[in-house]
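Values quoted throughout were computed directly from the atomic coordinates according to the rules given, and no laboratory measurement underlies them. Computed from a prediction, not measured in an experiment: that's the story for all the values here. Cβ atoms come from the backbone with ideal geometry, glycine included; neighbour counts cover every protein chain shown.
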Amino acid sequence: MSSGFKAVVAGVITFIIGLVLWRFTGDVETPVVTLTKLGVVLMALGGLEVVYGLYKSVVGSK
């Protein structure tokens, strides 16, 4: 299993967790951070990690 593939899988999992937080935690109150905003941040990081993994897979194979 290549490191690029691992990064893509980790990015997809991070994105899905962020999507769940963003979609289903609107009514949950926490004292420090809003879970919906945390979900958006996790979705962005997951998307970036997927792009990085795809880049690493393409460039690493050359």
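Quick notes on this structure:
- From phi via Karplus (6.51, -1.76, 1.60), per-residue ³J(HN,Hα) for the stretch 14-19 in Hz, x at Gly/Pro: 4, 4, 5, 4, x, 5
- Couplings 3J(HN,Hα) of the stretch 2-8, computed from phi: 7, 5, x, 5, 4, 5, 5 Hz, in residue order, whole Hz [Karplus 6.51 cos²θ - 1.76 cosθ + 1.60, θ = phi - 60°; x for Gly and Pro].
- Charge dipole magnitude, Cβ of K and R +1, D and E -1 - the chain, Cα centre, debye nearest 20: 340 debye
- Under the Karplus curve 6.51 cos²θ - 1.76 cosθ + 1.60, θ = phi - 60°, whole-Hz ³J(HN,Hα) for the stretch 45-53, x wherever Gly or Pro sits: 5, x, x, 5, 5, 5, 4, 4, x
- Here the spin labels are modelled as points 7 Å beyond Cα on the Cα-Cβ line, and at L45 and V12 they lie 2.0 nm apart.
- The chain: translational diffusion in µm²/s, Stokes-Einstein, Kirkwood Rh over Cα pairs, 4 °C, 1.567 mPa s: 106 µm²/s
- Of the peptides 37-50, 1-14, 19-32, the ranking by mean beta-carbon count within 10 Å, highest at the top, reads 37-50, 1-14, 19-32.
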